[in-house]
Amino acid sequence: MRVGQGIDSHRFGGDGPLVLGGVVVDEIRGVEATSDGDVLTHAVIDALLGAAGIGDLGAHYPSSDERWHGARSLDLLADTVEKLRRAGWVPSNVDATVVAQSVRISPHRERMREMLAGPLGVDVSAVSVKATTTDRLGFTGRDEGLAAIAVAAISPA
């Protein structure tokens, strides 16, 4: 078994919706991003790629590549899981935390877990999504953006 970590953040801006874990959590507010800006899914992708030792989000899905403009992050996650399989690995579990001052995760948590579990190919019980604030410290505390941190375990295929 291997373990990897991932971190992603985006500044609020632009038109909505705000998507986390493949779930629309705010119809009005959006983030500045190349893809749909789903920081939760991006952190999970980075954790998986790191665990497998096959690069990171920017290496596989660079913002300079027009193919990824407006991309749905859950599609990138499914593609990442396929890359893992080709490298001889499968996801085992994911534990992720969204860091945001005003975005509320609890009403959407179970749907996020389901949406992530699908492309990961794991039972929903193997996906944890949590949330925290920074007590108004830093860019997330000033509600200028949000971030996510993820840890993923992978096993030989």
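The values are calculated or read from the model by the stated rules, or taken from the named source; none is laboratory data. For clarity, every value in this text was computed on a predicted model and none was experimentally measured. Cβ placement follows ideal geometry from the backbone for every residue including glycine, while neighbour counts extend to all protein chains displayed.
How many residues are at pLDDT 95 or above and hydroxyl-bearing (Ser, Thr, Tyr) if we restrict to the range 45-82?
Qualifying residue count, the range 45-82: 3.
Kindly indicate whether residue 47 is touching a helix residue (DSSP H, G or I) at 6+ places or on another chain (Cβ under 8 Å), of a type in the set (Gly, Ala, Ser) and assigned to a helix (DSSP H, G or I).
no
Residue 137 is checked against (1) farther than 18 Å from residue 48 by Cβ; (2) touching a helix residue (DSSP H, G or I) at 6+ places or on another chain (Cβ under 9 Å); (3) among the aliphatic types (A, V, I, L, M); (4) free of Cβ contacts under 8 Å to residues at least 40 places away in the same chain and fails just one. What number does that condition carry?
(2)
Please find, within the range 77-89, the residue that is nearest to the chain's Cα centre (by Cα) out of those that are among the hydrophobic types (A, V, I, L, M, F, W, C) and crowded, with 17+ Cβ neighbours inside 10 Å.
My answer is 77.
Pull up the range 108-134, narrow it to residues that are over 15 Å from residue 45 (Cβ atoms) and in contact (Cβ under 8 Å) with a residue 60 or more places away in the chain, then point me to the one that is surrounded by the fewest Cβ atoms within 10 Å (Cβ to Cβ).
111
What is the number of the single condition among (1) out of contact with any strand residue (DSSP E or B) (no Cβ under 8 Å at 6 or more places or on another chain); (2) not in a loop (DSSP other than H, G, I, E, B) that residue 13 does not meet?
So residue 13 meets the others, but not (1).
Take the conditions touching a Leu at 6+ places or on another chain (Cβ under 8 Å) and among the basic types (Lys, Arg) and apply them to residue 83. Does it pass?
Taking the combined requirement at face value, the residue satisfies it.
Can you tell me which residues in the range 32-65 are β-branched (Val, Ile, Thr) and either surrounded by 24 or more Cβ atoms within 10 Å (Cβ to Cβ) or in contact with an Asp or Glu (Cβ under 6 Å, 6 or more places away or on another chain) (or both)?
39, 41, 44, 45
Can you go through 84, 116, 76 and tell me which one is outside any strand (DSSP E or B), of a type in the set (A, V, I, L, M) and within 19 Å of residue 33 (Cα to Cα)?
None of the other options fit; the residue is 76.
Which count do you get for residues in the range 1-16 that are under 19 Å from residue 140 (Cβ atoms) and free of Cβ contacts under 8 Å to residues at least 40 places away in the same chain?
Selection size over the range 1-16: 3.
Does residue 125 meet the test of being of a type in the set (S, T, N, Q) and under 24 Å from residue 33 (Cβ atoms)?
no
Confirm whether residue 30 is part of a strand (DSSP E or B) and farther than 17 Å from residue 122 by Cβ.
yes
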